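The structure appears right after this line, and notes come after that.
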Amino acid sequence: MESIILQSTLTIQKPQQFVFEDKPNYETIMIDSIEGNPDYSEIGIFQDDVCIGARVFEAYPIQILAYSTPVDEGGGQLSFMLFSENKGAVSVSPATIRPGNYDANESTIEPEQFGFRVLTLKTNDQQTPSVLALHSNYPNPFNPSTTINFSLPTKAQTRLVIYNVRGQKVKVLLSDTLDCGNHSVVWNGRDDSNRPVASGIYLARLEQSGATKISKMMLMK
C-alpha cells in the first residue's frame, strides 16, 4: 500500500513590533480572551522592560512561549502589551489566572519557568495623563522601524524630533497640535531626506508647552 505523508503548510507569523530572543528554557502562557475585545495585531510579554515572548494575533486561545528569568536569578514580574496600527502599544493586565482561577488585582505576575498558565486579560483604564511622558519605543533595538509611544497631559503644539548622539537633528517626526492622551509615531530609520541612517544610538526628543522628555533608541543593522 502506498503511503502518503502530508506536510503541514501552517506557519506561524513572526511578530514585527515585539522582538524577542529565543532561549532554551521558557514558560507557556495561554491567553484565552481579552475583556472588551480590543482591536490589535500583536501581543507581547515583557520582563524588566524587555520583550521575552510575543505572537501575532490570529485566534483565541493564544499560546506564547515566554523566555523569562526566574526571580532567584534577578528576574522581575511579567507585564503584557498589545500593538495596534491605530493606537500603537497599549498595556493590558491579568483579569484571571488559572490554575486557581483567582482574581488578580496586580498589573503583573511573577515568572514561573517551565510553568503553564491560562490568563484572561483586560485593557487598562485610559486616564488623561497628568504629565508629559515619553515611553520606551518598541522594538528596541530595532531594524528597520520602531514605534515611539508618548502621553500628553493637554492639547497643545507638540514636537517629536530624532537626534544622533552628536546632537545633530536627524528627523522631525512630528510638529503639530495634538489632543491630550496617549499617542504613537513610527520612525522608519530614515532622515529628513528619506535616506537610511547608520546603525547606532539615537535620541527621541518630545517637547510640549516648555516641557521636554528624551528617550534613547538603538538601530542595529
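Computed values, structure above
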item: Contacts under 6 angstrom Cβ, first residue in the stretch 171-195 being farther than 16 Å from Phe142 by Cβ, partner hydrophobic (A, V, I, L, M, F, W, C), 6 or more apart; result: Val172/Val161; Leu174/Leu160; Leu174/Val185; Leu178/Leu152; Cys180/Leu152; His183/Phe150
item: Test result for Ile97, within 21 Å of Gln47 (Cα to Cα), at pLDDT below 90 and over 19 Å from the mean Cα position of the chain (by Cα); result: yes
item: Sole residue being at pLDDT below 90 and in contact with a Gly (Cβ under 8 Å, 6 or more places away or on another chain), chosen from Asn137, Asn149; result: Asn149
item: The listed residue being more than 30 Å from Tyr67 (Cα to Cα) and over 19 Å from the mean Cα position of the chain (by Cα), out of Gln168, Gln113; result: Gln168
item: Whichever residue in the stretch 49-67 is in a strand (DSSP E or B) and of a type outside the set (Val, Ile, Thr) and, among such residues, is farthest from Ser136 (Cα to Cα); result: Gln63
item: Test result for Ile64, in the same structural domain as Val92 (by TED's automatic domain parsing) and modelled with pLDDT of 95 or more; result: yes
item: Residue check, Ile29 closer than 17 Å to Thr123 by Cβ, outside any loop (DSSP other than H, G, I, E, B), among the aliphatic types (A, V, I, L, M) and modelled with pLDDT of 70 or more; result: no
item: Selected residue [of a type in the set (S, T, N, Q) and surrounded by fewer than 16 Cβ atoms within 10 Å (Cβ to Cβ)] from Gln208, Gln157; result: Gln157
item: Scan of the stretch 116-133 for residues that are among the basic types (Lys, Arg) and either under 20 Å from the mean Cα position of the chain (by Cα) or at pLDDT below 85 (or both), ordered by number; result: Lys122
item: Failed condition for Tyr40, given (1) under 14 Å from the mean Cα position of the chain (by Cα); (2) within 23 Å of Met220 (Cα to Cα); (3) modelled with pLDDT of 85 or more; result: (2)
item: Criterion (of a type in the set (D, E, K, R) and assigned to a strand (DSSP E or B)) met by exactly one of Lys216, Lys221; result: Lys216
item: Flag for Ala156 being hydrophobic (A, V, I, L, M, F, W, C) and under 19 Å from the mean Cα position of the chain (by Cα); result: no
item: Check on Phe46, assigned to a strand (DSSP E or B), touching a Gly at 6+ places or on another chain (Cβ under 8 Å) and at pLDDT 90 or above; result: no
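Rundown of residues vs (1) surrounded by fewer than 14 Cβ atoms within 10 Å (Cβ to Cβ); (2) in contact with a Pro (Cβ under 7 Å, 6 or more places away or on another chain); (3) within 30 Å of Ser130 (Cβ to Cβ), yes/no style:
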site	(1), (2), (3)
Arg166	yes, no, no
Leu173	no, no, yes
Cys180	no, yes, yes
Ser184	no, no, yes
Gly189	no, yes, no
Asn194	yes, no, no
Ser199	yes, no, no
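The values are calculated or read from the model by the stated rules, or taken from the named source; none is laboratory data. Small disclaimer: the values here were computed from a predicted structure and weren't measured. So basically every Cβ, Gly included, is an ideal-geometry build from the backbone, and we count neighbours across all protein chains shown.
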